[in-house]
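In what follows, a single structure is set out as structure tokens and then discussed.
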Amino acid sequence: MVPGFPVPEFELPFARMARRCAGAALLLCLAVLSLTPGAARADTVLVMGDSLSAAYGIDPQAGWVNLLKQRLGDEHEVVNASISGETTSGGSARLPDILGQYHPDIVLLELGGNDGLRGLSPQQMQVNLAKMIERSQEKGAEVLLLGIEVPPNYGPAYTQAFREVFAQLASEHDVPLVPFLLEGVDLDGMLQSDGIHPTAEAQPIILENVWSKLEPMLSSSDEEK
């Protein structure tokens, strides 16, 4: 066809037919893609933690979060946004941007340990964690709260108030709780020389503590797809 010349009348039906066929082919492709199993987005698990989740002092590949990645495989994406030294205040400030970036389906909150080591207010820690839970839920994510404890030399009143923060949050916001992340870890033989951070040997134990509460959440999420 020469540009600028009128289209012969006999070509019009063929042109219309070609357009219709192209449109039908496009719709068919879209339908096939929508039915393809691999097209579904994998669930995203976000870990917001401190050095206990950032594999401080050990090979990052040996940390419990990386072990979780290996266990889940390609079916779930695990995003580790943990920072050594992080407090609940810092985590609360960072969380909105991270939620907007990754759109997680499940958020694991492992914060509070540094608040305790610094002797910060358990009440303020509770306020910060509550904000993080609420913001996560507002974005449609389920929350798993990972509790931690402070050494007994902080005094019975402080250690008790600190411990109760996690139980109260879990009850008030109806979220599952791992009461003590380091449950089952030999605190005499599985800590690094600083007496605070777990060794690589302790990481599988930590993973199992998390897994006991996380696995039902993953199963529930898969059923909803």
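The values are calculated or read from the model by the stated rules, or taken from the named source; none is laboratory data. The structure displayed is predicted, hence computed values, not measured ones. Every residue, glycine among them, receives a Cβ derived from its backbone with ideal geometry; neighbour counts consider all protein chains shown. Only protein heavy atoms, including side chains, enter the accessible area calculation; ligands, DNA and RNA are left aside. Shrake-Rupley method; radii C 1.70, N 1.55, O 1.52, S 1.80 Å.
Anything in the range 44-57 that is closer than 16 Å to GLU110 by Cβ and open to solvent by 30 Å² or more (accessible area, probe 1.4 Å)? List them, or say none. Write out each step before concluding.
We begin by selecting, within the range 44-57, every residue closer than 16 Å to GLU110 by Cβ; these are 45-56.
Of everything in the range 44-57, those that are closer than 16 Å to GLU110 by Cβ and open to solvent by 30 Å² or more (accessible area, probe 1.4 Å) turn out to be ALA54, TYR56.
When both residues are 6+ apart or on different chains and their Cβ atoms are under 6 Å apart, which pairs have a first residue that lies in the range 121-150 and is without any contact (Cβ under 8 Å) to a residue 60 or more places away in the chain, and a second that is small (Gly, Ala, Ser) and part of a helix (DSSP H, G or I)?
Note: pairs meeting the criteria are PRO122/ALA161; ASN128/SER89; ASN128/SER92; LYS131/SER92; VAL143/SER136; LEU145/ALA170; VAL150/GLY116.
With the checklist (1) of a type in the set (Asp, Glu); (2) surrounded by 13 or more Cβ atoms within 10 Å (Cβ to Cβ); (3) at positive phi in hand, flag the one item ASP174 doesn't pass.
It is condition (2) that ASP174 fails.
Within the range 28-36, can one find any residue that is at pLDDT below 95, surrounded by fewer than 10 Cβ atoms within 10 Å (Cβ to Cβ), part of a helix (DSSP H, G or I) and in contact with a helix residue (DSSP H, G or I) (Cβ under 8 Å, 6 or more places away or on another chain)?
No, that holds for no residue.
May I ask you to list the residues in the range 170-182 that are in contact (Cβ under 8 Å) with a residue 12 or more places away in the chain and either of a type in the set (D, E, K, R) or under 11 Å from GLN123 (Cα atoms) (or both)? So that I can check it myself, show each step before the final result.
Start the filter on the range 170-182 by keeping residues that are in contact (Cβ under 8 Å) with a residue 12 or more places away in the chain, which leaves 170, 172-173, 175-182.
Within the range 170-182, GLU172 is the sole residue that qualifies.
Quick one: in the range 209-225, which of the residues that are surrounded by fewer than 13 Cβ atoms within 10 Å (Cβ to Cβ) and modelled with pLDDT of 95 or more is nearest to GLU77 (Cα to Cα)?
So in the range 209-225, the residues surrounded by fewer than 13 Cβ atoms within 10 Å (Cβ to Cβ) come out as 212, 215-216, 219-220, 222-225.
Now restrict to residues that are modelled with pLDDT of 95 or more: 212, 215-216.
On the way: SER212: 19, GLU215: 14, PRO216: 17 Å.
The extreme case among them is GLU215.
Failed condition for LEU187, given (1) aliphatic (A, V, I, L, M); (2) part of a helix (DSSP H, G or I); (3) out of contact with any strand residue (DSSP E or B) (no Cβ under 8 Å at 6 or more places or on another chain), with all others met?
So the condition that LEU187 fails would be (2).
Within the range 180-208, how many residues turn out to be open to solvent by 40 Å² or more (accessible area, probe 1.4 Å) and within 18 Å of the chain's Cα centre (by Cα)?
The total comes to 1.
Residue-by-condition table, conditions (1) at pLDDT 95 or above; (2) charged (D, E, K, R); (3) farther than 21 Å from ILE133 by Cβ:
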site: THR159; (1), (2), (3): yes, no, yes
site: GLU164; (1), (2), (3): yes, yes, no
site: ALA170; (1), (2), (3): yes, no, no
site: MET190; (1), (2), (3): yes, no, yes
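Go through (1) modelled with pLDDT under 95; (2) closer than 21 Å to LYS213 by Cα; (3) surrounded by fewer than 17 Cβ atoms within 10 Å (Cβ to Cβ) for ARG41 and report which single condition fails.
Here ARG41 meets the rest and fails (2).
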